[in-house]
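The values are calculated or read from the model by the stated rules, or taken from the named source; none is laboratory data. This is a predicted model, so every value here is computed, not measured. Every residue, glycine as well, gets a Cβ built from its backbone with ideal geometry; the counts of neighbours run over all protein chains shown.
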Amino acid sequence: MKVAVIGTGSVGSCLGGQLLKAGHSIKYGSRNPSSENMAALIQKQPGTSGAAIADAVDWGEAIIVAVKMPPEDAGIQAFAASLGPGAKGKVVLDTTNATTPFPECELRWQQATSGGEVLAAALPDSFVFKAWNTTGVDHMHAPDGSAINGQQLAMLYAGAPEKKDVAEELVRASGFEPAYVGPIRYARNLEAIAELWIHLSMKVMGQTDEDWGKNFHFQAIRKV
C-alpha cells in the first residue's frame, strides 16, 4: 500500500520505517520538504521519499497523521484543510493527542470532544481513525514488548467500521496486535488513556506525583 506519513518527527519516522520494513511504500509529507531533516530521514530509510503535505496526500492510498496537533478546533480544522482534496475517500489514521502546552499537557475536557472527532468532522469524505496514540514512541520501535516484558503489545484503535480492514492491516504491519474498539466517537476514550500515559511517564506533567517512567504500556487482554 502507498502510505503518506504526514510528519517527520519521532513518531512519523518510526511508523514509516516499520511499514517500510513490512513492504509498504512510504512518502513523507512536510511543510518544508526540502529541509535537512527530511533529507536525513530519506537517506536513513532508502526507498522512501518526501513531498509537500498535499502532494504526499495525493500520492498516498492511506494517510498517517503524526504532527503536533493544536488543541483548539480551529487549529485542527486548519490542519485538515492543509491535506487538500486528495484526502477524499481515503483512510486517515490520526496518531496525535491534542493536548494543552507543557507542563499541563491536558486534553480538551472543556470542549467535551476529542481531537480525533474534530478531525473526522473536518474530513467528512475521509475515513478517519485514531491509532498509535496510547503509548510512547519507544514501544512503537519495540511492539514485540521487548522493552517491557516480552509480551506482544496490542494497539487500541477506533474509526470508521467500513474501512476497519485497512486500518487493521496498517496497525498489524507496524508490529502491534490490532484491537478495534468502535467508531471515531471512542477517540475521546483513547485520548484519555493517552493523557494518563503522558502524565505517568514524566512527573513534571499533569497533576499526579507518580512517575512510572516510559517503560509501560496499557495492554488489551481478552479471551477470543
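For segment 95-121, the candidate set comprises residues that are among the small types (G, A, S) and part of a loop (DSSP other than H, G, I, E, B); within that set, the residue that is nearest to the chain's Cα centre (by Cα) is A98. Here W132 meets the list (1) on the phi < 0 side of the Ramachandran plot; (2) under 18 Å from the mean Cα position of the chain (by Cα); (3) touching a residue at least 40 places away in the same chain (Cβ under 8 Å) almost entirely, failing just condition (1). Within the span defined as segment 137-144, one or more residues are over 27 Å from R108 (Cα atoms), touching a strand residue (DSSP E or B) at 6+ places or on another chain (Cβ under 9 Å) and surrounded by 14 or more Cβ atoms within 10 Å (Cβ to Cβ).
Contact annotation: residue pairs with Cβ atoms under 6 Å, 6 or more positions apart or on different chains, pairing a residue in segment 163-181 that is touching a residue at least 40 places away in the same chain (Cβ under 8 Å) and buried (at least 19 other Cβ atoms within 10 Å of the Cβ) with a partner that is polar (S, T, N, Q) and not in a strand (DSSP E or B), are S174/Q18; G175/Q18.
Of the helices (runs of 4 or more DSSP H) that lie entirely inside segment 21-94, those containing 1 or more residues that are touching a residue at least 40 places away in the same chain (Cβ under 8 Å) and more than 15 Å from the chain's Cα centre (by Cα) span 53-59, 73-82.
Within segment 24-67, work out how many residues are among the basic types (K, R) and surrounded by 18 or more Cβ atoms within 10 Å (Cβ to Cβ). Adding up the residues that qualify gives 1. Looking across segment 83-132 at every residue that is of a type in the set (D, E) and either touching a strand residue (DSSP E or B) at 6+ places or on another chain (Cβ under 7 Å) or over 19 Å from G182 (Cα atoms) (or both), the one that is modelled with the lowest pLDDT is identified as E104.
Of the residues in segment 206-214, none is part of a helix (DSSP H, G or I), out of contact with any Leu (no Cβ under 6 Å at 6 or more places or on another chain) and surrounded by 19 or more Cβ atoms within 10 Å (Cβ to Cβ). Among the residues of segment 147-192, the ones that are small (G, A, S), at pLDDT 95 or above and assigned to a loop (DSSP other than H, G, I, E, B) come to 3 in all. Against the definition (acidic (D, E) and at pLDDT below 95), how does E210 come out, yes or no? Taking the combined requirement at face value, the residue satisfies it. If you scan segment 135-152, which residues turn out to be touching a residue at least 60 places away in the same chain (Cβ under 8 Å) and over 16 Å from the mean Cα position of the chain (by Cα)? Hits for segment 135-152 are G145, A147, I148, Q151.
Is one or more of the residues making up segment 171-180 in contact with a Gly (Cβ under 6 Å, 6 or more places away or on another chain) and among the hydrophobic types (A, V, I, L, M, F, W, C)? No: segment 171-180 contains no residue that is in contact with a Gly (Cβ under 6 Å, 6 or more places away or on another chain) and among the hydrophobic types (A, V, I, L, M, F, W, C). Being small (G, A, S) and within 24 Å of T134 (Cα to Cα), is that true of even one residue in segment 55-70? Scanning segment 55-70, I find at least one residue that is small (G, A, S) and within 24 Å of T134 (Cα to Cα), so the answer is yes. Flag: P124 does not match the condition of being out of contact with any Gly (no Cβ under 9 Å at 6 or more places or on another chain), farther than 15 Å from I198 by Cβ and in a strand (DSSP E or B).
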